[in-house]
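Student: Below is one structure. I have some questions about it.
The values are calculated or read from the model by the stated rules, or taken from the named source; none is laboratory data. Computed from a predicted model, the values in this text were never measured in an experiment. Cβ atoms come from the backbone with ideal geometry, glycine included; neighbour counts cover every protein chain shown. Just the protein is used for accessible areas: all its heavy atoms, side chains included, with ligands, DNA and RNA removed. Shrake-Rupley method; radii C 1.70, N 1.55, O 1.52, S 1.80 Å.
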Amino acid sequence: MHYEFKTAEEVLALCKKHKLPISEITKLYEAERSGKSLPSIRNQMKKTRDVMYETVMKGVHSTKKSRMGMVGGDANKIYKSLNKSTMMMASKVGIKAMAYALAVSEQNACMGRIVAFPTAGGAGVVPGTLFAASEHFKAGKRKLLKGMFTASAIGLIIAEGATLSAAKGGCQAEVGAAVAMAAAGLTEMRGGTPEQCFHASSIGLKSYLGLVCDPLGGLVEVPCAKRNAIGTQAAIGASDLAISGIHSFIPFD
């Protein structure tokens, strides 16, 4: 296979060889692996994006509690705070990212439809970060897709080289991986280089250590939902550091 990769080093080599960003290498990898056309690959990611957005919008306007009552309605609370920005310390994009991430986590707990990206427990971070950033930059749907494809490459590397299972690797394997994915996706959306994308991922992953996965009441609801929300802030911060030229001393691999 011409576009196969399992490490960041291999992705960077492919980016350099073909003079393409991570998102394009990811599409080519998937087309080669699946035997599907590039338009088909893009259309599948568009469907993923649309389901994510549907979940986010449903979640921020919902006050429904999960069956056990541990989560629900918090996304609506933080989303409403956008109209009281003088009370809040974070930027509007940061607040919106947290609201969107919580929305996905709460929909998951309430048996709504979500995209497990990379997993159900960590599904809020990527849409929270990328949708909020896309709206902030007025980036358009095409740039958002680039971010999602780049995030996918990071998720693939983590899945191949380590694990995405919180039961096996602790919460960093889910939410931490999602932070790394979101940080890279956001960095490409902002015009960052492939190297900067991986610096952002590295900073995000090593700065977002996990907890032992010990579900309260046997359910994956808390503290997962709030960790998704705070994970968006880690991803945004990691991207800011990388875009400003700061390198991760520890390489992503």
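Student: Filter the range 152-199 down to the residues that are among the acidic types (Asp, Glu) and in contact with a Ser or Thr (Cβ under 6 Å, 6 or more places away or on another chain), then identify the one that is nearest to LYS226 (Cα to Cα).
Tutor: GLU174
Student: Give just the number: which of (1) of a type in the set (Val, Ile, Thr); (2) open to solvent by 20 Å² or more (accessible area, probe 1.4 Å); (3) closer than 14 Å to ILE230 by Cα does ILE114 not satisfy?
Tutor: So ILE114 meets the others, but not (3).
Residues are listed down the side, and each one gets a yes or a no for (1) among the basic types (Lys, Arg); (2) surrounded by fewer than 14 Cβ atoms within 10 Å (Cβ to Cβ); (3) closer than 25 Å to ALA225 by Cβ:
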{"site": "MET1", "(1), (2), (3)": "no, yes, no"}
{"site": "LYS19", "(1), (2), (3)": "yes, yes, no"}
{"site": "GLU30", "(1), (2), (3)": "no, no, no"}
{"site": "SER37", "(1), (2), (3)": "no, yes, no"}
{"site": "ARG42", "(1), (2), (3)": "yes, no, no"}
{"site": "TYR53", "(1), (2), (3)": "no, no, yes"}
{"site": "SER66", "(1), (2), (3)": "no, no, yes"}
{"site": "MET70", "(1), (2), (3)": "no, no, yes"}
{"site": "ILE78", "(1), (2), (3)": "no, no, yes"}
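Student: A follow-up question, please. If a residue must be without any contact (Cβ under 8 Å) to a residue 60 or more places away in the chain and assigned to a helix (DSSP H, G or I), how many such residues does the range 31-58 contain?
Tutor: 15
Student: Of these, ALA90, ALA75, ALA97, ALA101, which one is closer than 23 Å to GLY176 by Cβ and modelled with pLDDT under 95?
Tutor: ALA90
Student: Select from the range 3-17 the residues that are touching a residue at least 60 places away in the same chain (Cβ under 8 Å) and buried (at least 16 other Cβ atoms within 10 Å of the Cβ) and list them in ascending order.
Tutor: Result: PHE5, ALA8, VAL11, LEU12, CYS15.
Student: Return the residues of the range 114-135 that are of a type outside the set (A, V, I, L, M) and part of a helix (DSSP H, G or I); say none if nothing qualifies.
Tutor: The answer is PRO127, GLY128, THR129, PHE131, SER134, GLU135.
Student: For the range 136-244, give me every one of the helices (runs of 4 or more DSSP H) that falls completely inside it and has 3 or more residues that are open to solvent by 20 Å² or more (accessible area, probe 1.4 Å) and out of contact with any strand residue (DSSP E or B) (no Cβ under 6 Å at 6 or more places or on another chain).
Tutor: Details: elements: 141-161, 166-169, 175-189, 194-206, 224-243.
Ranges flagged: 141-161, 166-169, 194-206, 224-243.
Student: May I ask you to say which residue of ALA242, ALA151, ALA162 is of a type in the set (Gly, Ala, Ser) and touching a residue at least 40 places away in the same chain (Cβ under 8 Å)?
Tutor: Within the list ALA242, ALA151, ALA162, the selection yields ALA242.
Student: Conditions: (1) closer than 19 Å to LYS143 by Cα; (2) assigned to a helix (DSSP H, G or I). LEU20 meets all but one. Number of the miss?
Tutor: The failed condition is (2).
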